[in-house]
Amino acid sequence: MSTEQLLSIKNLNIYLQEHGSDTRNQIIHNVSFDLEKGKVLGIVGGSGSGKTLTSLSVLSLLHDKFSVTGSIHFNGADLLQLPERKIRKIRGKEIALIPQNPMASFNPIISIGEHMVESMRSHQKLTRKIAKELAIYYLEKMNFADPSDLISQYPFQLSGGMLQRVLIAITLSLQPSLIIADEPTTALDKVTEDHILHQLEIMKEEYDTSMLLVSHDFHVVSRLADEVAVIHNGMLVEKGSIVNVFRQPNHSYTKQLIDASIRLKREKP
Amino acid sequence: MIPFIFKRIINLIPILLGTSIITFLLIHLVPGDPAEAYLRLSQIPPTDEAAAHIRKELGLDKPLYVQYFIWLLDAFQLDFGESFITGDPVFEEAIYYLWPTLQLTLAAIVLTLIISVPVGILSAVYKDRLFDQVSRILAYVGASMPSFWLGFLLIYFFSFKLGLFPSGSRGTFVHIVLPAVTMCLVYTFTFTRLLRSGILEFMNQPYVMYARSRGLKERVVIGKHVLKNASQPFITAFSISIGNMLAGTVIAENVFAWPGIGRYFVSAIVNRDFPAIQFCVLLMTIIFVLINLIVDIIYAYLDPRIRLKGDQLK
Ligand SMILES: Nc1ncnc2c1ncn2[C@@H]1O[C@H](COP(=O)(O)OP(=O)(O)OP(=O)(O)O)[C@@H](O)[C@H]1O
Ligand SMILES: [Mg+2]
């Protein structure tokens with residue numbers, strides 16, 4: 001393999017030990033994969049297969065009942081060895097997360113605008129006023145009709161699909177080199193899904209952003225991804241270029257996932 | 001925000017009227033004749049003739065609802081009658097005694113906040129570490145100590161043994177230290193633990209994780225995303241306790257010979273000084289509803305879901 005990898009995960013193991021319990025369960029088993037700069041890697045797997053845990057471990061965001069071994073190299077440095085102080089500078093600025101559940105990811109008592117402003121201002125020296133103008137600019141990019149009104153609204157006043165688009169606007173505003181998008185289209189209608197995938201495509205092309213695209217839906221992944229990794233029960237069962245895996249899945253679980261996504265596509269034209 | 005506050009103030013009127021009617025009824029329906037109490041306190045032999053005379057003079061011969069309306073009309077002019085004991089207007093007397101009590105309560109509140117907020121935050125941040133352990137043990141000890149006993153302990157050590165603070169009465173700043181500490185200590189420990197558990201609960205919210213994932217400083221994550229949400233149960237508990245604190249001043253007032261409204265109220269009850277009792281109850285109600293009003297305003301300020309309610313939901 002080439003050394004031009006942006007992200008390189010090797011032998012990742014994640015264990016869970018509940019507080020006060022002395023049994024330790026392994027949830028992620030020896031997962032390894034690489035992501036080249038400018039490429040999109042799809043991570044596909046069923047519910048509970050460990051996609052979210054793997055994504056969060058990249059940014060050291062797991063609750064301390066989880067312990068992680070292995071290595072996660074990003075731009076040459078092992079993220080698992082970095083002190084919190086340095087990881088904080090990478091979060092958002094270098095690697096931005098689009099979390100799985102938009103409804104729960106916004107602080108209910110903080111306005112949409114403030115969410116955006118605080119994110120930008122934690123990495124750049126910006127006045128409040130300029131950050132606000134930038135927020136409006138990025139919301140416009142996400143095709144919001146009235147961004148200057150939107151920034152003074154609160155999360156409970158927006159629908160799930162709108163919040164999902166705000167999540168992407170926040171990510172846009174941070175201009176990271178790697179995006180981890182955790183199920184960015186789940187629970188959305190087909191039109192919104194299409195819109196969001198389109199925005200992610202633009203981000204990839206316009207800003208040359210690399211991406212880990214997490215989904216249980218092969219169809220979603222196939223639209224954007226160059227390569228795909230299939231996770232099943234915390235184990236990586238298959239990886240390869242999207243075309244190859246789609247044409248010739250080796251693992252029966254991969255076949256099931258592909259069949260499921262094709263069936264879904266037929267049912268919802 | 002302004003209409004919200006206005007609506008809340010309008011809501012207070014029936015509450016205050018209701019309380020005044022209930023206290024009025026309670027006082028007048030409870031066995032014991034006000035006229036007799038008046039005569040006893042004025043040391044006049046309670047003959048039937050004298051009682052009838054006084055009844056007429058105090059308006060006690062009129063039907064109850066007439067008496068209430070007379071009281072209410074006078075009340076609008078801040079005339080709440082004269083004390084049976086001193087003969088002075090109860091309004092002036094009660095306000096005179098209220099001030100030291102407010103002073104004491106305020107000092108205790110400030111002291112409670114100054115200690116419990118930072119200690120609560122630190123106990124959450126350093127969960128299960130030494131700092132948290134020590135604060136937990138102190139909380140158990142502090143919360144199980146009766147405040148009068150604590151008061152005597154403080155007097156014994158700091159006043160009697162060390163001579164650092166005066167043991168009683170009111171005067172300069174140093175006089176307030178021991179009674180305020182006595183009042184606040186129980187609350188300080190409970191609130192510390194309450195704030196800690198609130199913070200820990202909100203620490204695991206997905207939006208806190210998302211805040212961290214955007215690279216916000218830990219100070220901002222805790223102060224803005226956790227604390228603002230975690231402060232709401234804290235404020236609720238705190239507002240309830242301010243009432244308890246006010247009521248609890250009576251202990252500190254007695255132990256430290258602090259001339260407050262608690263002692264005034266108790267002596268009014270013991271002596272059946274009806275006008276004083278009626279006004280004290282009303283005064284306490286007013287203070288309680290005002291505290292509630294302030295708390296509601298703070299809630300609305302902190303939480304847009306309350307402030308903007310009616311915007312979207314019916
Ligand atoms: N907070 C947690 N506490 C305990 N166990 C957890 C926790 N989060 C996840 N797990 C366990 O880890 C496993 C992987 O969870 P993860 O959230 O990574 O799945 P996922 O692939 O993202 O699923 P989904 O598609 O439903 O989001 C699950 O089987 C779950 O039981
Ligand atoms: Mg998930």
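Among what's in the range A:33-45 and is in contact with a helix residue (DSSP H, G or I) (Cβ under 7 Å, 6 or more places away or on another chain) and more than 6 Å from ligand 1 (Cβ to nearest atom), pick the residue that is farthest from the other protein chains (Cβ to nearest Cβ). Working first, answer last.
Filtering the range A:33-45 down to residues in contact with a helix residue (DSSP H, G or I) (Cβ under 7 Å, 6 or more places away or on another chain) leaves A:40, A:42-45.
Of the ones still in play, those that are also more than 6 Å from ligand 1 (Cβ to nearest atom) are A:40, A:42-44.
Working: A:Val40: 20, A:Gly42: 20, A:Ile43: 17, A:Val44: 22 Å.
Top of the filtered list is A:Val44.
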Looking at (1) in a helix (DSSP H, G or I); (2) within 13 Å of chain B (Cβ to nearest Cβ); (3) closer than 29 Å to A:Lys37 by Cα, which is the only condition A:Phe156 fails?
(3)
Odd one out for B:Pro304, checked against (1) under 18 Å from the mean Cα position of the chain (by Cα); (2) open to solvent by less than 50 Å² (accessible area, probe 1.4 Å):
(1)
Apart from one, (1) within 11 Å of chain B (Cβ to nearest Cβ); (2) on the phi > 0 side of the Ramachandran plot; (3) among the aliphatic types (A, V, I, L, M) all hold for A:Ile110; the odd one out is (2)
Run B:Ile298 past the list (1) in contact (Cβ under 8 Å) with a residue 40 or more places away in the chain; (2) of a type in the set (A, V, I, L, M, F, W, C); (3) in contact with a Phe, Trp or Tyr (Cβ under 9 Å, 6 or more places away or on another chain); (4) within 14 Å of chain A (Cβ to nearest Cβ) and report the number of the one that doesn't hold.
(3)
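Go over the candidates A:Glu193, A:Glu205, A:Glu201 one by one and state the one that is outside any loop (DSSP other than H, G, I, E, B) and crowded, with 16+ Cβ neighbours inside 10 Å.
Every option except A:Glu193 fails the conditions.
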Could you list all residues from the range A:47-62 that are within 14 Å of chain B (Cβ to nearest Cβ) and near ligand 1 (Cβ under 6 Å from one of its atoms)?
A:Thr52, A:Leu53
Quickly run through the range A:226-238 and pick out the residues that are away from ligand 1 (no atom under 12 Å from the Cβ) and open to solvent by less than 10 Å² (accessible area, probe 1.4 Å).
A:Val228, A:Ala229
Qualifying residues in the range B:182-211 (those that are open to solvent by 50 Å² or more (accessible area, probe 1.4 Å) and over 28 Å from the mean Cα position of the chain (by Cα)) - the one nearest to the other protein chains (Cβ to nearest Cβ):
B:Pro206
Within the range B:234-244, identify whether any single residue is open to solvent by less than 10 Å² (accessible area, probe 1.4 Å) and away from chain A (no Cβ under 14 Å), and answer yes or no.
yes
Could you tell me which residue of the range A:43-76 is farthest from ligand 2 (Cβ to nearest atom), considering only residues that are open to solvent by 40 Å² or more (accessible area, probe 1.4 Å) and among the polar types (S, T, N, Q)?
A:Asn75
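Restricted to the range B:171-181, and to residues that are of a type in the set (A, V, I, L, M) and open to solvent by less than 40 Å² (accessible area, probe 1.4 Å), which residue is nearest to the other protein chains (Cβ to nearest Cβ)?
Within the range B:171-181, the match that is nearest to the other protein chains (Cβ to nearest Cβ) is B:Ala180.
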Among the residues listed as B:Leu283, B:Leu293, the single one being at pLDDT 85 or above and closer than 19 Å to B:Phe91 by Cα:
B:Leu283
Wholly within the range B:54-144, helices (runs of 4 or more DSSP H) carrying at least 3 residues that are touching a residue at least 60 places away in the same chain (Cβ under 8 Å)
B:90-125
Spans of helices (runs of 4 or more DSSP H) in the range A:66-150 with at least 2 residues without any contact (Cβ under 8 Å) to a residue 40 or more places away in the chain
A:84-90, A:112-121, A:128-141, A:147-150
So if I check each of A:Ala187, A:Ala181, which one is crowded, with 18+ Cβ neighbours inside 10 Å and either within 16 Å of ligand 2 (Cβ to nearest atom) or within 14 Å of chain B (Cβ to nearest Cβ) (or both)?
A:Ala181
Among the residues listed as B:Asn229, B:Asn254, the single one being of a type in the set (S, T, N, Q) and open to solvent by 20 Å² or more (accessible area, probe 1.4 Å):
B:Asn254
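The values are calculated or read from the model by the stated rules, or taken from the named source; none is laboratory data. Predicted model only: the values in this text are computed from it and were never measured. When we count neighbours, we look across all protein chains shown, and the Cβ atoms used for this are built from the backbone with ideal geometry, even at glycine. Surface accessibility is based on the protein's heavy atoms, side chains included, excluding ligands, DNA and RNA. Shrake-Rupley method; radii C 1.70, N 1.55, O 1.52, S 1.80 Å.
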